[in-house]
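Engineer: Shown below is the structure under consideration.
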Amino acid sequence: MNRRNFLSGSLRGSLMLALGGVLGAITGRAKARNTVWQIDPFQCTQCGRCATECVLELSAVKCVHSFDMCGYCQLCTGYFEPDPNKLNTAAENQLCPTGALVRSFIEDPYYEYTINEPLCVGCAKCVKGCTMFGNGSLHLQIRHDRCVNCNECSIARACPADAIHRVPADRPYQFKSRERKS
Amino acid sequence: MPQVVAQRFPPPQFTETSHLLPVPTEPAVRALWLDYLDIGVLIAALVLVSWLVLRRRSRSGVVGVGIFSVLYFGFWRKGCICSIGSIQNLSQALFDSSFGVPLTVLAFGLVPLLFALFFGRTFCAAVCPHGALQDLVLLKPVKVPNWLDHSLRMLAWIYLGLAVVFAATGGGYIICQYDPFVPIFRLSGSLTMVLFGVSLLVVGIFVGRPYCRFLCPYGVLLGVAASVSKWRVRITPDTCTQCRLCEESCAFGAINKSAVDAPSQPRATDKRRLILLLVLLPVLIAGGIGLGGLAGGTLAGKHRIVNLAERLQLEESGAVQDTTDASAAFRAGNNSIETLYADARALHHRYVVAARWCGAWIGLVIGLKLLSLAIVRRRTDYEADQAHCLSCARCYRSCPQELQRLGLPVPETPKPANG
């Protein structure tokens, strides 16, 4: 039995060295930092998969609004169906399937569009309308009060534009803004 | 390359009101101290289970910690990050120096292995929520025939090889994608995965821990570490009297029988078989390398970039007319198709190399398995198989010596096999 103990002892020692080697190789080469998943809104193509691919029943992705980019248009192409009957808040005129985009009058001719987050499903219909015909101020973001930070984001796996990546946890959002030029 | 957003409409000029522009809210990410708490709970649970299994020899204690782990690491933490999945982060980091791994992942990946080197697979016993959940549903254990048990256990080694290939090449985390129990912990998921998880649990009522034994890639690593562990599960607290009462107590086929009364083969047959298997080993490895080279291309097709390049090639050649979301997104961006093709070629090459290694690994594993089956160790005691024992503590109470130690009534002992 002595030979056995010696053998297993030395094997144990070498496996411990191997574990230490893995630890050293990983911590030595790349900075270990906490990261979370986020959408790059400039890469997003509004395909609608965010609403369906998230592991949560109601996606962690929601529409957010960068108000400083918004034109406060009376005819908002993110809010209204193409060729709406009337420019009012009737449901048949709205693009949003859940009525999560709220239109409120500020002053003639300006309207403000805010998102009722609990209703938003992240389908990107409004984002598409705003990006194609407007200023692109509506965009999708992963909301970290909902995201469970899966080891591999299943929306990222399905994203055709490869727009979802891990970002440092201390800068967890990538909002669009007027200043961004690159 | 992100484009400049078209500013089709000028910003509003409010004159009648002094309306201020709102700013989007930023819900906070999970606090860092909660991550450290997870690491603390992991280490505390490992210490507790190791003590309960090896010192207290308490099955009920193990069950208690198991229920806690299912609730905490499972339903509360949604099974993520888990040690099984962390293999992929660690492999990706080893092969891609720009890929960082946070402390939580390092701890979940390495600490249970370190514990296994000293205390055996106490992580599997009750700390891993996957294992604990399956342990709780195991009500009517049936014995899996030896040949089937040994063959099915090979699946886990192959799964580990494939998971490392995909993680190291940036092709995705298949362990996470095909995890059967995380959808149950989350209480949501795709129908196929929920059905897979539920059916594994139903099978698990009869077959002890099917995922742990036959699929878990982390269990493979833990098994290797545990096979040279410093301390280990000892069925009897005293000396083995060969009473054979523990023989059927293990639900996982992890008790090595005493070979005192086993008929021994003539030495010449043993030797011939060993030589044959030693010759077979390099043949198996070479075969694995060959098959890996063939499979590499197929595996590469699963990678996003290779997939996209193949699609674009079809579109460019006019073989297909329409576009996919991915190819349309690629064309909409400011991307060079030549760079993409070059990337795809490089990836294809990486996959072929990785698949050859994986094939060699599978060949080696099968060869060593056959060798280990051919070598008969002359055991004098009934003892737990160090690599396969999940430290669940079920076998303790089957030993009359243990019952005596605890002051419990000892059942009628059958005649010892060796008279």
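Throughout, read-outs are computed from the coordinates displayed, never taken from laboratory work. As the structure is a computational prediction, the values presented were derived from the model and not from experiment. Cβ atoms come from the backbone with ideal geometry, glycine included; neighbour counts cover every protein chain shown.
Engineer: Longer than 27 Å from Cα to Cα, which of B:LYS78/B:LYS143; B:LYS302/B:LYS369; B:LYS230/B:LYS369; A:LYS176/B:LYS302; B:LYS230/B:LYS257; A:LYS128/B:LYS78 are they? Say none if no pair is.
Structural biologist: Result: B:LYS78/B:LYS143; B:LYS302/B:LYS369; A:LYS176/B:LYS302; A:LYS128/B:LYS78 exceed 27 Å.
Engineer: Using a Förster radius of 56 Å, what is the FRET efficiency between B:ASN307 and B:THR380 based on their Cβ-Cβ separation? Nearest 0.05, please.
Structural biologist: 0.45
Engineer: Towards the positive end of the charge dipole of the protein assembly as shown, with charges on Cβ (+1 Lys, Arg; -1 Asp, Glu), say which of A:SER14, B:TYR341, B:LEU42 has the farthest Cα.
Structural biologist: It is A:SER14.
Engineer: Can you figure out the FRET efficiency of B:SER151 with B:ASN335, using R₀ = 60 Å and their beta-carbon distance, to the nearest 0.05?
Structural biologist: That gives a FRET efficiency of 0.80.
Engineer: Helix-only estimate, please: 222 nm mean residue ellipticity of chain B, summing -39500 (n - 2.57) across DSSP H runs of length 4 or more and dividing by its residues, to the nearest 500.
Structural biologist: My calculation for chain B gives -18000 deg cm²/dmol from helical runs alone.
Engineer: For n ≥ 4 DSSP H runs only, could you compute -39500 (n - 2.57) per run for chain A, divide by its residues and tell me the 222 nm figure to the nearest 500?
Structural biologist: Helix-only estimate at 222 nm: -8000 deg cm²/dmol.
Engineer: Quick one: dipole size for region B:267-374, taken about the Cα centre, charges +1 on Lys/Arg Cβ and -1 on Asp/Glu Cβ, in debye to the nearest 20.
Structural biologist: That gives a dipole near 980 debye.
Engineer: A follow-up question, please. With r as the distance between the Cβ atoms of B:ASP96 and A:LEU119 and R0 = 41 Å, compute the FRET efficiency 1/(1 + (r/R0)^6) and round to 0.05.
Structural biologist: In this case the efficiency is close to 0.55.
Engineer: If you don't mind, another one. May I ask you to compute the full-extension gain from B:ALA319 to B:VAL41, defined as 0.36 nm times their residue separation minus their alpha-carbon distance, rounded to one decimal in nm?
Structural biologist: Using 0.36 nm per residue and subtracting the Cα-Cα distance, I get 94.4 nm.
Engineer: How far is the Cα center of region B:83-105 from the Cα center of region A:39-81, in Å?
Structural biologist: Computed from Cα coordinates, the inter-centre distance equals 32 Å.
Engineer: Which trypsin sites (Lys or Arg not before Pro) does region B:326-419 hold that lie in a coil by DSSP with at most 13 other beta carbons within 10 Å?
Structural biologist: B:ARG377, B:ARG378
Engineer: Read phi for every residue in region B:157-163 and hand back ³J(HN,Hα) as whole Hz from Karplus 6.51 cos²θ - 1.76 cosθ + 1.60, θ = phi - 60°, with x for Gly and Pro.
Structural biologist: Going residue by residue, I get 5, 5, 4, 4, x, 5, 4 Hz, with x marking Gly and Pro.
Engineer: Using square roots of five times the C-alpha gyration tensor eigenvalues, list the equivalent-ellipsoid semi-axes of region B:31-139 in whole Å, biggest first.
Structural biologist: Gyration-tensor ellipsoid for region B:31-139: 25, 15, 13 Å.
Engineer: Continuing with this model, one more query. Would you mind giving the average projected area, over all directions, of the Cα convex hull of chain B in nm² with one decimal?
Structural biologist: 29.5 nm²
Engineer: How large is the charge dipole for chain B, taken about the Cα centre, if only the Cβ atoms of Lys, Arg (+1) and Asp, Glu (-1) carry charge, to the nearest 20 debye?
Structural biologist: That gives chain B a dipole magnitude of about 1800 debye.
Engineer: What trypsin sites (Lys or Arg not before Pro) in region B:224-320 are in a loop by DSSP, with at most 12 other Cβ atoms within 10 Å of the Cβ?
Structural biologist: B:LYS230
Engineer: Taking a quarter of the surface of the convex hull around the Cα atoms of region A:34-168, what do you get in nm²?
Structural biologist: Computed as one quarter of the Cα hull surface, the answer is 8.2 nm².
Engineer: Test of understanding: given chain A, find the longest segment containing no GluC sites (Glu not before Pro) that are in a DSSP loop and have at most 13 other Cβ atoms within 10 Å.
Structural biologist: A:58-178
Engineer: Shape of region B:304-375 from its Cα gyration tensor (a ≥ b ≥ c, root eigenvalues): rounded if a/c is under 1.5, otherwise prolate when a/b > b/c, or oblate?
Structural biologist: It comes out prolate by the Cα gyration axes.
Engineer: Suppose every Lys and Arg Cβ carries +1 and every Asp and Glu Cβ carries -1, with no other charges. What dipole size does the protein assembly as shown come out with about its Cα centre, to the nearest 20 debye?
Structural biologist: It works out to roughly 3100 debye.
Engineer: Moving on. If you keep only loop residues by DSSP, which chymotrypsin sites (Phe, Trp or Tyr not before Pro) in region B:142-196 have at most 16 other Cβ atoms within 10 Å of their Cβ?
Structural biologist: B:TYR178
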